[in-house]
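The values are calculated or read from the model by the stated rules, or taken from the named source; none is laboratory data. Note that this is a predicted model, so its numbers are computed, not measured. Virtual Cβ from ideal backbone geometry, glycine too; neighbours counted across all protein chains shown. Accessible surface is based on the protein model in full, side chains and every heavy atom, while ligands, DNA and RNA are left aside. Shrake-Rupley method; radii C 1.70, N 1.55, O 1.52, S 1.80 Å.
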Amino acid sequence: MSDGFKDLAANEIATAVNGGVRSARSIVEASLAEIESQNPALNAFTTVLAERALARADSIDSRKAKGASLGPLAGVPFSVKNLYDVEGVTTLAGAKINADNAAAGADCTLVKKLEAADAVLVGCLNMGEYAYDFTGENAHFGPSRNPHDPNHMAGGSSGGSGTAVASGMTPLSLGSDTNGSIRVPSSFCGLFGLKPTYGRLSRSGTFPFVASFDHLGPFARSAKDLALAYDAMQGKDNGDHAQQNRPPELVAQTLDHGLAGLRIARATGYFAKGAEPVAFAAAETIMRALGSKQTIEIPEAERARAAGFLITMAEGGSLHLERLRTRLADFDPDVRERLIAGAILPASWIVQAQKFRRWYQAQVLKLFQHVDVIVAPATPCTAPMIGQKNMVLDGVEMAVRANIGLFTQPISFIGLPVAAVPVWLQQESLPIGVQIIAAPWREDIALRVAYALERSGAARAPVAKSAS
Amino acid sequence: MDDTFDIDAFIASSCALLDIKLTDESRSLVRVNVEIAARMASMVEAFSLDEREEPAPVFKS
């Protein structure tokens, strides 16, 4: 029924639709068929927009028939985390409480930009409540399941974004990343994911979590697809106060520039302890593929994580204060008390954390005088079982939900761009991700490295076999 | 936070100040989270910063 669709990368679809080999309608129909077939078991989608998507596909085909040139994502089905505003759909942000809100009156900026490049939105995706989550679980809507083994977590909070792409339901999805919510599902679901520099892409028209750290970005099964989507989403729109006024710096054309001249080092210290061996083995595999043995220490990373943890609690608690007063019983129990605690933290703790953030940013930026790329594990383990509450890392038992992001938090804390790349180690039944970290505004370097790793076979993102 | 600090009283009075009506079920879990935050805060506060260091929220007019 899906006519080979499931294994097609976004760039292959765009080439086929632009070349008249496939119609946008046939592609979108195949995507909708995959959603109908797989979603009941995997629980990625909360809304499917079949009518809108088919109308959009027909419009693209009609323009093609009239001889118009199509955009770089022609006919590519994509899906978005349900904190993105989509016209006519209530923006859930994973919350039962938000289901009472009116439907969004317009699409958010990034949906508009992808559709301006002729991609086709097919639906909205499950997520952890209010994005305060690394698991992909949700008490109201059920967990997003890992397509490589549905008994395992997809990762969060952009769980549905990982599930949709790893299963082949859509070749491209969008998520958000405050402390790791793109990089964690990318790691658990075996995908390429991009968290751009803080302030690069507009967040206008999306439901916030922690304004200091919120980022948006894409998931895909190839670095080239990430680049195409990222390029289409760049540009200022004045709707996001934190977005920097930078002209688009397109990366798709520089992907194949290779590794020559890049100084690459693996993060040591904090990033080389407190995890399962598989996390370090994956990082080492990537370093071998990149031909580097250099290491570098990111100073005070553990303290950075602590500061980020506090700011997250406080900004999250403040954002939801009125709902905590009036709708307490309607929160996901795994989120509620974290927000209450965040709402009552002393202000001086938070200001001190923000001061430390400034110091830390200055120190880390100095490192980029000596290296272009820092390699670090994305998660301390492969995907835990759904429902698993605790895990043991380095002999220490800790809560899963709060600690899956211990390697991602010190990086997004200062907004560095990161490409997550998926690694499949021998004898492992689940993938695990590695962070390719670059200096601010150097997404081009992170994606160049991701592309080189994909070409070498060191990183790969196959559609899940269980979904075949 | 010294050993004599009454964290339950802090939670109760802070929630009363903010008009959050805590349930008994929530109270112990809020305590767990405040204790985690306190450990994080002690780590941050233990680091000596120049008093002229400015906070880092990104805002440019």
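Here segment A:347-369 is the region considered, the condition is being within 8 Å of chain B (Cβ to nearest Cβ) and not aromatic (Phe, Trp, Tyr), and the residue that is farthest from A:Ala265 (Cα to Cα) is A:Val351.
Among the conditions (1) under 17 Å from the mean Cα position of the chain (by Cα); (2) farther than 19 Å from A:Met153 by Cα; (3) open to solvent by 10 Å² or more (accessible area, probe 1.4 Å), A:Leu406 misses just one, which is (2). Within this structure, A:Gly433 passes the test of being under 16 Å from the mean Cα position of the chain (by Cα) and of a type in the set (Gly, Ala, Ser).
Considering each of A:Gly261, A:Gly274, A:Gly217 in turn, give the residue that is open to solvent by less than 30 Å² (accessible area, probe 1.4 Å), among the small types (Gly, Ala, Ser) and farther than 18 Å from A:Leu194 by Cβ. Let's see the steps before the verdict.
Working: A:Gly261 fails: open to solvent by less than 30 Å² (accessible area, probe 1.4 Å); A:Gly217 fails: farther than 18 Å from A:Leu194 by Cβ.
A:Gly274 is the lone residue from the list that is open to solvent by less than 30 Å² (accessible area, probe 1.4 Å), among the small types (Gly, Ala, Ser) and farther than 18 Å from A:Leu194 by Cβ.
Among the residues of segment A:6-36, just one is of a type in the set (Ser, Thr, Tyr) and free of Cβ contacts under 8 Å to residues at least 12 places away in the same chain, namely A:Thr15. Considering only residues that are among the basic types (Lys, Arg) and more than 7 Å from chain B (Cβ to nearest Cβ), which ones fall in segment A:300-314? Within segment A:300-314, A:Arg305 is the sole residue that qualifies. Would a scan of segment A:178-200 turn up a residue that is in contact (Cβ under 8 Å) with a residue 12 or more places away in the chain, within 14 Å of the chain's Cα centre (by Cα), over 14 Å from A:Ala461 (Cα atoms) and surrounded by fewer than 24 Cβ atoms within 10 Å (Cβ to Cβ)? Yes: one or more hits. Could you tell me whether segment A:431-439 includes any residue that is surrounded by fewer than 24 Cβ atoms within 10 Å (Cβ to Cβ), modelled with pLDDT of 95 or more and more than 21 Å from A:Ala154 (Cα to Cα)? Yes, segment A:431-439 contains a residue that is surrounded by fewer than 24 Cβ atoms within 10 Å (Cβ to Cβ), modelled with pLDDT of 95 or more and more than 21 Å from A:Ala154 (Cα to Cα). Residue check: is A:Ile374 within 11 Å of chain B (Cβ to nearest Cβ) and either buried (at least 22 other Cβ atoms within 10 Å of the Cβ) or touching a Gly at 6+ places or on another chain (Cβ under 7 Å) (or both)? It is false that A:Ile374 is within 11 Å of chain B (Cβ to nearest Cβ) and either buried (at least 22 other Cβ atoms within 10 Å of the Cβ) or touching a Gly at 6+ places or on another chain (Cβ under 7 Å) (or both).
Consider A:Thr46 carefully, then state whether it is in contact with a strand residue (DSSP E or B) (Cβ under 6 Å, 6 or more places away or on another chain) and open to solvent by 10 Å² or more (accessible area, probe 1.4 Å). Step through it out loud before you land on a result.
Working: in contact with a strand residue (DSSP E or B) (Cβ under 6 Å, 6 or more places away or on another chain): yes; open to solvent by 10 Å² or more (accessible area, probe 1.4 Å): yes.
Taking the combined requirement at face value, the residue satisfies it.
Within segment A:49-60, which residues are touching a Gly at 6+ places or on another chain (Cβ under 8 Å) and either exposed (fewer than 14 other Cβ atoms within 10 Å of the Cβ) or farther than 21 Å from A:Asn82 by Cβ (or both)? Residues satisfying the conditions are A:Ala57, A:Ile60. Note on segment A:223-261: residues that are away from chain B (no Cβ under 14 Å), more than 22 Å from the chain's Cα centre (by Cα) and modelled with pLDDT under 95 amount to 1. In this structure, is A:Gln354 of a type outside the set (A, V, I, L, M), touching a residue at least 12 places away in the same chain (Cβ under 8 Å), farther than 25 Å from A:Ile445 by Cβ and not in a helix (DSSP H, G or I)? The answer is no for A:Gln354. If only residues of segment A:325-346 that are in contact with a Gly (Cβ under 6 Å, 6 or more places away or on another chain) and more than 7 Å from chain B (Cβ to nearest Cβ) are counted, the one that is nearest to A:Gly128 (Cα to Cα) is A:Leu339.
The set of residues from segment B:23-45 being at the interface with chain A (Cβ under 7 Å from one of its Cβ atoms) and either open to solvent by 70 Å² or more (accessible area, probe 1.4 Å) or of a type in the set (A, V, I, L, M, F, W, C) (or both) comprises B:Leu29, B:Val30, B:Val34, B:Ala37, B:Met40, B:Ala41, B:Met43, B:Val44, B:Glu45. Mind checking whether some residue in segment B:46-54 is closer than 17 Å to A:Met313 by Cβ and at the interface with another protein chain (Cβ under 8 Å from one of its Cβ atoms)? There is no residue in segment B:46-54 that is closer than 17 Å to A:Met313 by Cβ and at the interface with another protein chain (Cβ under 8 Å from one of its Cβ atoms).
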